[in-house]
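Worksheet: one structure, shown below.
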Amino acid sequence: MGEQGVAHVWRKLRAIYNIEGNHCKTCDSYFFPPRLVCPNCRRKGQLEEHHFKGLGKVHTFAIVRQAPEGFKRQVPYIVAQVELDEGVRLTAQIVNCDPEDVEIGMRVRACFRKITEYGERGIIVYGYKFEPVLKVTGHPYP
Amino acid sequence: MVGIVGYGVYIPRYRIKTEEIARVWGDDGKRLAKGLGVFEKSVPGPDEEVATISVEAARNAVKYAGIDPKDIGAIYVGSESHPYAVKPTGTIVAEALSCTTDLTCADYEFACKAGTAAIQTTMGLVQSNMIKIGLAIGADTAQGRPGDALEYSAAAGGVAILVGMDNVVATIEATSSFTTDTPDFWRREGEDFPSHGARFTGEPAYFRHVGEGARLLMRKTGTTIDDFDYFVFHMPNGKFPLAMGRQLGVPKEKLEDSLVVRQIVNTYSGSAMMGLARVLDIAKPGDKIFMVSYGSGAGSDAFIIRVEKEILNHRGKVPTVDDFIARKTYIDYSEYAKYRRKIKALA
Ligand SMILES: [Zn+2]
């Protein structure tokens, strides 16, 4: 079953690699995943592509200790609702953070990780997870 | 002139100490750490591999350079741990950078020097006007067979370098390579772990190729050790680059800043490039850098790089090598085995 999941994943690649959704110019709302029509404005909506910056904060979270197949090596791990700075919420894993250190309101940035794979012979699915923002010193010496 | 328009690195957060690996196998950890000059190594998380490390490093490079990813015309990813045997890692990187489809890409493999081979290729494409900007990546999540000497040094990390002609932060003044058929280290198709010629890896392999490669480029360019402010040699462990420096007569202080090997050990395809990145983090305009990578099998790529004033306009935008080195969490051998799939029962 090597071809399992291929079409389903391929259609969403760009959106889940780069957090690409859309923005309605009429009502100034952002959407992720991308919508075909603006649910607020319907026919009057004017949708444009929007590449989310990938910065936001933890809105709420849960610690997963009983994981489904394929995620057991990561236990315990954090799943959170992240609120992006543009106002959209999405569900994602928080990585590079121990379960005891995550808190509501914590600043996070999107990172690129392996999400799952379809067995040893199938495709590998990549996409966004979030991590605590990393300190940038830039230039440590004078 | 052709040069580096931006660079970015990525090092996973987890570290395991040499002493912790030694404890499991009943080795003398303190003696080993001192003997090899390696104290802790970087370990990827369970959801990190060459494609994810390459994307993170490449996104940092694009941000540092301030370029439009649509100007990237070629992506070459050098690694010996590509996630797919057939399907280029570069395709995933291109999509994750929102590049255009008007782009060529391929995966490279030449043990620890596949990344610098990618730099040379992109230099050629840029100088012949075939592309505007090329992206060269060296990244690995190297594995050693449990209990093998390589387990102490096989680390994870990646470096992405954007090569172009406009607004270069460092000019690549010259490059040349030295290549032979030397079986010091190899991995056959379908094997999980590499094999090596043990003692054979030193004199006829690393020292001959790095040494000859360095002398060759200095001869070609009429330069000497005194013409350079920094030296970067491939770092399979902490001892080899220092011994190489002594053989060539490089003052220790010109080599010291590139020795990331002590904190993260050998990032394979990213190794020499990580040392270069650390030097670029701190060098002054006008400084000259001499870098030699090494790949088993075997070959070396030598480079002469001059730091430009432009570099001052780019610092502070993305994390430095030291920022990534400072971000660390220690794990023990059982967590390491869990993350690295040394326990086969866990998917
Ligand atoms: Zn609307």
Only unsatisfied item for A:Gly54, checking (1) away from chain B (no Cβ under 14 Å); (2) more than 10 Å from the ligand (Cβ to nearest atom), is (1)
The one condition B:Ile289 fails out of (1) part of a helix (DSSP H, G or I); (2) crowded, with 22+ Cβ neighbours inside 10 Å is (1)
>> Condition first: within 16 Å of the ligand (Cβ to nearest atom) and touching a Pro at 6+ places or on another chain (Cβ under 7 Å). Can you find one or more residues in the stretch A:15-24 that meet it?
In response: yes
Note: among A:Arg35, A:Arg42, A:Arg65, just one is among the basic types (Lys, Arg), away from the ligand (no atom under 16 Å from the Cβ) and open to solvent by 100 Å² or more (accessible area, probe 1.4 Å), namely A:Arg65
Going through the stretch B:14-44 in order, the residues found to be farther than 15 Å from B:Ala154 by Cβ and either crowded, with 24+ Cβ neighbours inside 10 Å or without any contact (Cβ under 8 Å) to a residue 24 or more places away in the chain (or both) are B:Glu19, B:Gly26, B:Asp27, B:Asp28, B:Gly29, B:Lys30, B:Arg31, B:Ala33, B:Lys34
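Say we look at the stretch B:27-41 and pick out the residues that are part of a helix (DSSP H, G or I) and not aliphatic (A, V, I, L, M); which of these is nearest to B:Phe240 (Cα to Cα)?
This residue is B:Gly35.
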Checked the stretch B:80-95 for anything within 9 Å of chain A (Cβ to nearest Cβ) and farther than 25 Å from B:Ser195 by Cα; matches are B:Ile92, B:Glu95
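Counting just the residues of the stretch B:121-141 that are outside any strand (DSSP E or B) and polar (S, T, N, Q), which one comes out most open to solvent (accessible area, probe 1.4 Å)?
Narrowing the stretch B:121-141 to residues outside any strand (DSSP E or B): B:121-132.
Narrowing the set further to residues that are polar (S, T, N, Q) leaves B:121-122, B:127-129.
On the way: B:Thr121: 42, B:Thr122: 0, B:Gln127: 107, B:Ser128: 67, B:Asn129: 135 Å².
Out of the qualifying residues, it is B:Asn129.
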- Just a yes or no: is a residue in the stretch A:7-24 more than 14 Å from chain B (Cβ to nearest Cβ), among the aromatic types (Phe, Trp, Tyr) and either outside any loop (DSSP other than H, G, I, E, B) or in contact with a Gly (Cβ under 6 Å, 6 or more places away or on another chain) (or both)? no
Counted residues in the stretch B:291-329 being within 12 Å of chain A (Cβ to nearest Cβ) and hydroxyl-bearing (Ser, Thr, Tyr) come to 2
A:Val95 vs. criteria assigned by TED's automatic domain parsing to the domain that holds A:Tyr126 and surrounded by 17 or more Cβ atoms within 10 Å (Cβ to Cβ): yes
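Among the residues of the stretch A:65-81, which ones are in contact with a helix residue (DSSP H, G or I) (Cβ under 8 Å, 6 or more places away or on another chain) and either closer than 18 Å to A:Glu117 by Cβ or of a type in the set (Gly, Ala, Ser) (or both)?
Hits for the stretch A:65-81 are A:Ala67, A:Arg73, A:Tyr77.
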When B:Ser177 is run through (1) outside the structural domain of B:Gly270 (by TED's automatic domain parsing); (2) assigned to a strand (DSSP E or B), the failure sits at (1)
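The values are calculated or read from the model by the stated rules, or taken from the named source; none is laboratory data. The structure presented is a predicted model; accordingly, all values stated were derived computationally and were not measured. Cβ: placed from backbone, ideal geometry, glycine included. Neighbour counts: every protein chain shown. These accessible areas exclude ligands, DNA and RNA; they are computed on the full protein's heavy atoms, side chains included. Shrake-Rupley method; radii C 1.70, N 1.55, O 1.52, S 1.80 Å.
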